[in-house]
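Please read the structure below before turning to the comments.
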Amino acid sequence: MPELPEVETVRRGLEPVLVGTPITQVRVGEKRLRLPYPENFAARLAGRTVESLARQGKFLIAMLDSQEALIIHLGMSGSFLVLGGAEAHGTGNGAAARHTHVVFHLVDGTEIRYADPRRFGLMTLASAAGLASHPLLARMGPEPLGNEFNAGHLGAALAGRRTSLKAALLDQHVVAGLGNIYVSEALHAAGLAPTREAASLGAGKRQGAAACEKLAAAVREVLLSAIAAGGSSLRDHARTDGTLGYFQHSFKVYGRGGEPCRRAGCPGTIKRLIQNGRSSFYCPRCQH
DNA sequence: ACACGGACCTGAAGGC
DNA sequence: TGCCTTCAGGTCCGTG
């Protein structure tokens, strides 16, 4: 479930229950995630309090009262579930329990479960002082909802790149937080084809600056709408209370191959193609 | 430096 | 019923 809007939805769900309430115990499953857990992972979290919960791109960053930060990525299939004291009984034994890898117990009886069937997610610890230079975060591009992300940045980041616009926007060094769904949606909103060469929007190209303006605005608009809808729920719930986000009902192109374009007045049909091994969806009629 | 294919995992869905 | 293939919201590594 996790591109920027889903991760932000998770952050907003966890923040009120997790921040300020001490962690009493952390239990970790047998199988590792994308990275091995750090030394004494559970012990370094027990007794700690999360002081703030931030998001950077698709990462969640929990600052602890121990001068350490817990870095979390949800990979392809990671999700959190918050259970109040009364619900937090029994481990369950269904598919969800089989894929629950980390459980945080809080002092007020709240239980926070991290499940991740494919185990492409990760949790690790870093010193607060070294957080910005951590290898997972150091070279990440700007936040698409922040001031650093604008047409000027896009023009500079795309200049000279011979790959497709689709592949360039999936690159977390160009802009942080976009994934396969929102790249397709943003390109449609901007009227730009995913197959277009990234360099054609680069600094100095004719019409490049105008296209970058449209693209930056489209990225922002799509992400804000998705966050307002609680993210998209495809194969998993998006929210920490187990309920669904509903932005998937607003998709203009993603997953809509063969269906009519939803741009007002456009008679086109959405096409699916594979780029760098991943599906792209676009309208050949209104995206150029 | 960049670009690309494959690898890492599990599960669901569809065809035969 | 079962077996096979394809696909899935991500990213990292090795190879040109």
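Rule-based calculations on the coordinates, nothing more; no lab input. As the structure is a computational prediction, the values presented were derived from the model and not from experiment. Cβ placement follows ideal geometry from the backbone for every residue including glycine, while neighbour counts extend to all protein chains displayed.
For chain A, the alpha carbon convex hull comes to 132 Å³ per residue, rounded to a whole number. Placing a label point 7 Å from the Cα of A:T163 along the Cα-to-Cβ direction, the residues of the range A:255-288 with a backbone N closer than 13 Å are A:275-278.
Database remark: amide H of A:H101 closer than 5 angstrom to the amide H of A:Y114, A:A115, A:D116 (H placed geometrically; neighbours at sequence offset of 5 or more, or on other chains; Pro and chain starts carry no H).
Reported to the nearest whole Å, the Cα centre-to-centre distance from the range A:130-202 to the range A:203-248 is 13.
Relative to the longest principal axis of the Cα atoms of chain A, the long axis of helix A:180-190 makes an angle of roughly 40 degrees. Take the Cβ atoms of A:A97 and A:Q207, set R0 to 51 Å, and the FRET efficiency comes out at 0.40. About its Cα centre, the dipole of the range A:151-282 is roughly 420 debye, where the only charges are +1 on Lys and Arg Cβ and -1 on Asp and Glu Cβ. Can you tell which of A:L137, A:L74, A:L18 shows the greatest fluctuation in a Gaussian network model of chain A with Cα springs below 10 Å? Of A:L137, A:L74, A:L18, the Gaussian network model singles out A:L137 as fluctuating most. Largest GNM mean-square fluctuation across A:L273, A:L60, A:L45, computed for chain A with C-alpha springs under 10 Å, falls on A:L273. Using the Cβ of A:G255 as centre and a radius below 11 Å, the other residues enclosed give a net charge of +1, where K and R count +1 and D and E count -1. In plain terms, if you count all Cα to Cα distances in the range A:127-197 and split them into 10 Å steps from zero, the share in each step is 19, 50, 24, 7, 1 percent. Using just its DSSP H runs of length 4 or more, each adding -39500 (n - 2.57), chain A gives a mean residue ellipticity at 222 nm of -7000 deg cm²/dmol after division by all residues.
Label positions at A:A86 and A:S66, each projected 7 Å from the Cα along the C-beta direction, are separated by 3.3 nm. Note on the range A:4-133: the C-alpha convex hull projects to 7.4 nm² when averaged across all orientations. Extent of the range A:151-282 along its three principal axes (Cα atoms, max minus min coordinate, largest first): 47, 34, 28 Å.
The longest part of chain A holding none of the exposed loop trypsin sites (Lys or Arg not before Pro), meaning those outside H, G, I, E and B in DSSP with at most 10 other Cβ atoms within 10 Å, is A:32-138. Quick check: net charge around A:E51, other residues with Cβ under 13 Å of its Cβ, Lys/Arg +1 and Asp/Glu -1? Net charge in that neighbourhood comes out at -2. Using a 7 Å offset from the Cα along the Cα-to-Cβ direction at both A:A54 and A:Y246, what is the distance between the two label points in nm, to one decimal? Distance between label points: 3.3 nm.
Listing A:Y254, A:Y182, A:Y37 from fewest to most neighbouring C-beta atoms within 10 Å gives A:Y37, A:Y254, A:Y182. Using the Cβ atoms and a cut-off under 11 Å, what net charge is assigned to the surroundings of A:V175, where Lys and Arg are +1 and Asp and Glu are -1? Net of charged neighbours comes to -2.
Cut-off is 10 Å between beta-carbons; in what order do A:C212, A:C261, A:C266 appear when sorted fewest neighbours first?
A:C266, A:C261, A:C212
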